[in-house]
Amino acid sequence: MTYIPISPMERDAMLKTIGVKTIDELFKDVPAKHRFPELKLPAAVTEMEAAADMDDLALGNESLRDLVSFLGAGAYNHYIPAVVDHILRRGEFYTAYTPYQPEIAQGTLQAIFEYQSLITALTGMEVSNASHYDGATAVAEAVNLAYAQFRGKRNRVVISPAVHPQYRAVVRTYTQGMGIELAGDDARADLEAGPEALGALVDDNTALVIIQYPDFFGRIHDPAALIEQAHARGALVCVAANPTALALLKTPGELGADIVVGEGQPLGIPLSYGGPYLGFFATRRQYVHKMAGRLVGETEDNRGQRAYVLTLTAREQHIKRDRATSNICTNQGLMALASAVYLAVVGRSGLRQVAELCFHKAHYAAETLGKLPGFSLCFSAPFFHEFSLCCPKPVQEINRHLLEHGILGGYDLGQDYPALKDHMLLAVTEMNTKDDIDALAGVLAEVCHG
Amino acid sequence: MAKIIEPTLFELSSPGRTGVTFPQSDVPPASLPENLLRGILPLPELAEVDVVRHYMRLSGFNYSVDAGFYPLGSCTMKYNPKINEDTARLPGFAATHPLQPIETVQGNLVMMYTLQEWLKEIAGFAAVSLQPAAGAHGELTGVLMMRAYHHSRGDAKRKKMLIPDSAHGTNPASSGMIGLDIVQIPSDARGNVDLASLRSACDDSVVGLMLTNPNTLGLFDEHVEEVIRIVHECGGLVYGDGANLNALLGIVRPGDLGIDLMHFNLHKTFSTPHGGGGPGSGPVGAAAHLVDFLPAPIVGIVEEGTSETPPLYGFIDPAHSIGRVKAFHGHVGMIVRAFTYIAMHGADGLRQIAEYAVLNANYLLARLRATFPVPYDRICMHEFVAEGRLAGTDIRALDIAKRLMDYDFHPPTNYFPLIVHEALMIEPTETENKATLDAFAEALIKIAAEARTEPQLLHEAPHKTPFGRMDDVKAARELVLCCWLPPQDGK
Amino acid sequence: MNIPANLKYSKSDEWYDPASGKIGLTDYAQSQLSDIVFVEVLVSAGDALETGKTLASVESVKAAAETYAPVKGKVVAVNEALSGTPEVLNSDPYGAGWMVQVAEADASGMLDAESYSHYCQEREH
């Protein structure tokens, strides 16, 4: 079936107005030998059939509705209040485009302005853009900002090995051929070391230092000393932060960060097998002209009403073309809206409650699992809602066993860090009950004995 | 003081209100690391009803495809089928974690593999990666692949990217971002790539050409095969910007024309919603010689099936991959929607999409060419570009665009492409009926008459929208980019 | 259009004052760009300047442009106040809107006020 609302009679009348006899005549510029190929695709189905087929495909997955999950590593299972999706389903929001015509797009514009405000409140920064594709690409855009800020004269970027392995991979992809030297991007580095260890890598040629907070292993380090060291060399510092943790922790802004980015998925966005998510990006006011992405600013219309527009657009690719900091065009509009609705409805007390529940439950889990014979906690630093567990057997084997009990185990750190063979990264959120954690402990104990 | 039409979330906040509460903790409390804790968390405090009413009022200020005709050229603002919204939210898709063992997500992987296969078939490529998050992201992926391809052949001297003057800004921005030099290629009098200029720009320093075909004038290049041959002869590659693929579904496969690699825009061609500016989805297809450079990973069969068991789908890293371009596997939520859409269309349905998109554009062109100048006037594809100026008036494209809002239409794209003065770029898409197209044409004809009789009406438009023209200078000069809680609420 | 007679001009719309050594953006250029909201001078005192080298990057509400060195010479001063007050490029292009000051300049090939005025008029059509 199609969604074309034109009857054969109307079509013929339109062809007559155009002055051709058939639709095929409209395609005479297309080389004849390649025109009208036979596409080998399955026969079209009706909506009723499609709904059933998609149901079947979806049932081919074991979802977190069926499994108890302790998997995190950059994507987190949080409760999403019902109101979030009800707002997202408004056609006025999801079937609109980028607000190029502000007179008829104030809904989107004000929502983005509020999103920017919420992100600055959470991160302790001065400005936020309208978002990037995800946490990983937001980190890569931080490199672009720093590179542009120093006009290409500083070519070194220091990145902590405790930054998400996939984020580091994306930075490597984005910077290939730019003549940027990545330092610290070494999975064999001493992982016990705190952020200060990176200080030795920062030199006068360093444009940016990138750390994660809490880091990929869930640890909370105070980065203030490193930030001071980096600033002394004139480098900028980017902190990739978990937004839920920021309800509890000192803001990166307070700690002196120049750029704060992160994965916004925990803020009301479904896991959706990895996307679409939300890359948030905040910085200091002095860097706003080098920041990529859409930006909404407050103004007035010609009727004296407060209103919002896309502003500083001359920074962007459609005007600056090859001289723009980034090629980014759209943002993650609807995902930014989801996070804003989430933050609005959970609010000050709700977000703090979520963060505390994550903290307490993760600590209960760590304490319980760390005491199991054969298991131990890998790091001693304070942590938020994720921790590394040293296991007596390969993580894959343990996870297979857990799955038989309906439990989705943690992330196998050995696949990224050779020194962390048989180490599992476990995430605990408000979605996990004490019973879930005890059940996990029970199965793990069994695995150890078996 | 400007009049406040809708307060911000922060202005609506009232201390002590809450929208959601969570269950009490069922574990013993751990001690929080006091030295690492923040002070006040300055988020708003609202009840659920406050939040719903706020966003409902905001939604009322938006124009949308669900509300009316949105002929925004180059954006393919087609109707977004509702079933897609339902399928993407099935818990089996929406509640799966990206790092689950592949054995537990075969539904996702089969779907992704199948969509890769379908996109290959639709556009004539040897492989597809679903990872890029948007069109511009697909372009970045593409230019990185082009350079990696040349380097793999020991050819590191190629630094020039050729880009027609009608191209989207993202083309030069994507190439500039990875340090390539841009050479702009002019268009000829019929809106094609100028062959003589192209020939003289082609040498052994060329990485390739970024070609949008049909181009942003809505025209199918009359010498497309010649253009591609010239670039290939100097050792360059041809990147296809798939922004305008809607015109080509079932009409011609870019891969068959010799395009080496291309991004798809699932949010244009395959009906995933634009979301107020994202999320998009920009898979990249590659011909055989570029398959090994695709971003890692792509979905493949990791264990062949037998007569009893289905094959096992998983992830495969292409041999010389440029690497990862984002975390995880792409915008899967968008992939589910596009999959649903293609499944419901089949080959014939896809061809009809292109046919009616092109029919609608040519119909509007036929109805409007007597009123507005059309600088490259020939049979168009899915869109066309008129000039928003009228002899004997000082009316500009901007005035026409704003006045259209009073007739309850979204304006076309204006001031793009850059090679047309006062451009009005009109893309009706296939999902509009004749009555809508007629009403739109009549509104534009009426506006042209108003331009002569009551030009003020246009200069001051819009009049009937909830907001009037904006002070862009104030926004940029004062640069108020966020708001915070009012002072009476703590600090 | 204000085109002071004592200055020299380039076809990329920069002015050069042989008396003071200062360089800036012409009145014609600022009016084409309209409201300028950002300027970044890309050279520093002490830099050697080659004709045609990018001197500054300018953004207005609707456009972006680059300023090129109209002369060869040595940069002796940069207008540091400009980044905080980009609007003076609109209001006072030949005064407070100066961008850099050069010494030992070679201004050969630049247009005089009359030729530049003709050049601007040509482009109006």
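Brief remarks follow.
- When the strands (runs of 3 or more DSSP E) confined to region C:1-117 are screened for residues that are more than 12 Å from the chain's Cα centre (by Cα) and free of Cβ contacts under 8 Å to residues at least 60 places away in the same chain, those reaching at least 3 such residues are found at C:36-41, C:72-78.
- None of A:G135, A:G194 is buried (at least 24 other Cβ atoms within 10 Å of the Cβ) and within 14 Å of chain B (Cβ to nearest Cβ) except A:G135.
- Qualifying residue in region A:49-61 (condition: at pLDDT 95 or above, within 30 Å of B:L312 (Cα to Cα), in a loop (DSSP other than H, G, I, E, B) and facing chain B (nearest Cβ under 7 Å)): yes
- Residue, farthest from the other protein chains (Cβ to nearest Cβ), within region B:463-490, restricted to residues that are of a type in the set (D, E, K, R) and out of contact with any Pro (no Cβ under 8 Å at 6 or more places or on another chain): B:K464
- Residue match in region B:306-324 (condition: at negative phi, more than 7 Å from chain A (Cβ to nearest Cβ), touching a residue at least 60 places away in the same chain (Cβ under 8 Å) and of a type in the set (A, V, I, L, M)): yes
- Residue check, A:G370 more than 9 Å from chain B (Cβ to nearest Cβ), surrounded by fewer than 21 Cβ atoms within 10 Å (Cβ to Cβ), over 24 Å from A:L191 (Cα atoms) and touching a strand residue (DSSP E or B) at 6+ places or on another chain (Cβ under 8 Å): no
- Conditions (1) more than 14 Å from chain A (Cβ to nearest Cβ); (2) closer than 23 Å to C:Y119 by Cβ: number failed by C:V76: (2)
- If you go through region A:390-415 and keep only what is more than 9 Å from every other protein chain (Cβ to nearest Cβ) and assigned to a helix (DSSP H, G or I), you end up with A:V395, A:E397, A:I398, A:H401, A:L402, A:E404, A:L413, A:G414, A:Q415.
- Some residue of region B:135-157 being at pLDDT 95 or above, farther than 28 Å from B:N192 by Cβ and of a type in the set (F, W, Y): no
- Annotation: A:L426 fulfils all but one of (1) facing chain B (nearest Cβ under 10 Å); (2) buried (at least 21 other Cβ atoms within 10 Å of the Cβ); (3) not charged (D, E, K, R); the unmet one is (1).
- Failed item in (1) free of Cβ contacts under 8 Å to residues at least 12 places away in the same chain; (2) over 29 Å from B:P466 (Cα atoms); (3) more than 7 Å from chain B (Cβ to nearest Cβ), with A:A314 passing the rest: (2)
- Checked against the criterion of being closer than 18 Å to B:R369 by Cβ and modelled with pLDDT of 95 or more, the candidates B:K446, B:K402 yield just one match: B:K446.
- Taking the criterion of being assigned to a loop (DSSP other than H, G, I, E, B), out of contact with any Cys (no Cβ under 6 Å at 6 or more places or on another chain) and within 7 Å of chain A (Cβ to nearest Cβ), the residues of region B:3-16 that qualify are B:I4, B:I5, B:E6.
- Search result, residues across region B:162-190 that are of a type in the set (G, A, S), facing chain A (nearest Cβ under 10 Å) and either surrounded by fewer than 18 Cβ atoms within 10 Å (Cβ to Cβ) or touching a helix residue (DSSP H, G or I) at 6+ places or on another chain (Cβ under 6 Å) (or both): B:G169, B:A173, B:S174, B:S175, B:G176, B:G179
- Test: residue in region A:16-37 that is within 30 Å of A:N399 (Cα to Cα) and more than 7 Å from every other protein chain (Cβ to nearest Cβ): no
- Within region B:346-362, tally of residues that are buried (at least 24 other Cβ atoms within 10 Å of the Cβ) and of a type outside the set (V, I, T): 8
- A:F387 meets the conditions (1) more than 12 Å from every other protein chain (Cβ to nearest Cβ); (2) aromatic (F, W, Y); (3) crowded, with 20+ Cβ neighbours inside 10 Å in every case but one. The failed one is (1).
- Within region A:272-320, the set of residues being in contact with a helix residue (DSSP H, G or I) (Cβ under 7 Å, 6 or more places away or on another chain) and more than 30 Å from C:V39 (Cα to Cα) comprises A:S272, A:Y273, A:G274, A:G275, A:P276, A:Y277, A:L278.
- Condition met for A:D204 (in a loop (DSSP other than H, G, I, E, B), away from every other protein chain (no Cβ under 11 Å) and buried (at least 24 other Cβ atoms within 10 Å of the Cβ)): no
- Test: residue in region B:29-36 that is crowded, with 24+ Cβ neighbours inside 10 Å, assigned to a loop (DSSP other than H, G, I, E, B) and of a type outside the set (F, W, Y): no
- Leading residue by the ranking (nearest to B:E430 (Cα to Cα)) among those in region A:1-12 that are within 7 Å of chain B (Cβ to nearest Cβ) and outside any loop (DSSP other than H, G, I, E, B): A:R11
- Failed item, numbered, when A:A235 is tested on (1) within 13 Å of chain B (Cβ to nearest Cβ); (2) of a type outside the set (S, T, Y); (3) more than 12 Å from A:T120 (Cα to Cα): (1)
- So A:T283, is it more than 7 Å from chain B (Cβ to nearest Cβ), polar (S, T, N, Q) and crowded, with 24+ Cβ neighbours inside 10 Å: yes
- Any hit, region B:284-303, residues being out of contact with any His (no Cβ under 8 Å at 6 or more places or on another chain) and more than 19 Å from B:K120 (Cβ to Cβ): yes
- Number of the condition not met by B:A156 [criteria: (1) in contact with a helix residue (DSSP H, G or I) (Cβ under 8 Å, 6 or more places away or on another chain); (2) of a type in the set (A, V, I, L, M, F, W, C); (3) in a helix (DSSP H, G or I)]: (3)
- Of all residues in region B:200-222, exactly one satisfies the criterion of being touching a His at 6+ places or on another chain (Cβ under 8 Å) and outside any loop (DSSP other than H, G, I, E, B), namely B:V207.
- Selection of region A:320-337 for residues being at pLDDT below 85, more than 7 Å from chain B (Cβ to nearest Cβ) and in contact with a strand residue (DSSP E or B) (Cβ under 9 Å, 6 or more places away or on another chain) yields only A:K320.
The values are calculated or read from the model by the stated rules, or taken from the named source; none is laboratory data. Worth saying up front: this structure is predicted, and the values here are computed from it rather than measured. All Cβ positions, glycine included, derive from the backbone under ideal geometry; neighbour counts span all protein chains shown.
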